Amino acid sequence: MNQRIPVVVIKDLNETKKILSALKKYGIDCAEITFRTSCAEEAIRLACKDFPDMEIGAGTVINAEQCERALKAGAKFIVSPGFSESVAAICKRAGVPYYPGCVTPTEIMKALEWGITTVKFFPANVYGGMKALKALSAPFPQVKFIPTGGVNKDNLDEFLSWEKIAAVGGSFFVEEALKEAGEAK
């Protein structure tokens, strides 16, 4: 998994190529396209077609119907803000990684029951950041985390330096990539 996962909100399908091209130039070869907009499914389909060397996933997937649509569009991984058994079941059947949002011991235990050992920690800044992650890793040494929400340029290195961090996610990667490419979002 790429250590940097841009959280990409595409409001207009025409933004897809511009954003993904900027991310590639910035050195990032994956994107979590959120299922928050009406064009998300088509943006995932377009991204998978036009950027086959990038790992394109679907984020903010909150139910089975969205998961099925994301996978049909070509998503290579699924991310949720919380844990969904129906989404976990679909991903397990399809052999696609599922990164559910888990911030409590109970949620992490539920993910482990499903064989999931890498979880999203969202929103990281609200639920205690690195201090909370270090506390949670003690009873769950097999778990790796993907913190999002409150991760930024100022604390990125702190997160990435810890071995329990599988990756970090954030929309700021998109902003930085577009700025470097000379594009305004």
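The values are calculated or read from the model by the stated rules, or taken from the named source; none is laboratory data. Please read all numbers here as calculations on a predicted model, not as lab measurements. Positions of Cβ are generated from backbone atoms using ideal geometry, with glycine treated the same way; all protein chains shown enter the neighbour counts. Note: accessible area is taken over every heavy atom of the protein model, side chains too, but ligands, DNA and RNA are not part of it. Shrake-Rupley method; radii C 1.70, N 1.55, O 1.52, S 1.80 Å.
Here are some notes:
- By accessible area, using a 1.4 Å probe on protein heavy atoms only, the chain has 51% of its surface on carbon and sulfur.
- Accessible surface calculations at 1.4 Å, restricted to protein heavy atoms, place the chain at 46 Å² per residue.
- For the chain, modelled as a GNM whose springs connect Cα atoms under 10 angstrom apart, the maximal fluctuation among A132, A31, A88 occurs at A132.
- Result for the chain in a Gaussian network model with C-alpha springs under 10 Å: among G150, G27, G59, the largest mean-square fluctuation is at G27.
- When the chain is treated as a Gaussian network with alpha carbon springs shorter than 10 Å, the biggest mean-square fluctuation among A70, A43, A94 belongs to A94.
- Listed residues V8, L46, G82: farthest to the positive end of the dipole of the chain (Cβ charges): G82
- Summarising the strand pairing of the chain, around 0 percent of its internal DSSP beta bridges are antiparallel.
- Of the residues E65, E55, E32, the one with the largest accessible area comes first in the ranking E65, E55, E32, computed with a 1.4 Å probe on protein heavy atoms.
- Around the amide H of C30, modelled in the peptide plane, lie the amide H atoms of E55, all under 5 Å away and 5 or more residues distant in sequence or on another chain.
- Computed on the stretch 1-113, with alpha-carbon pairs under 8 angstrom and 6+ residues apart, the relative contact order is 20 percent.
- When only alpha carbons are used to place a centre, the stretch 47-67 and the stretch 85-121 end up 17 Å from one another.
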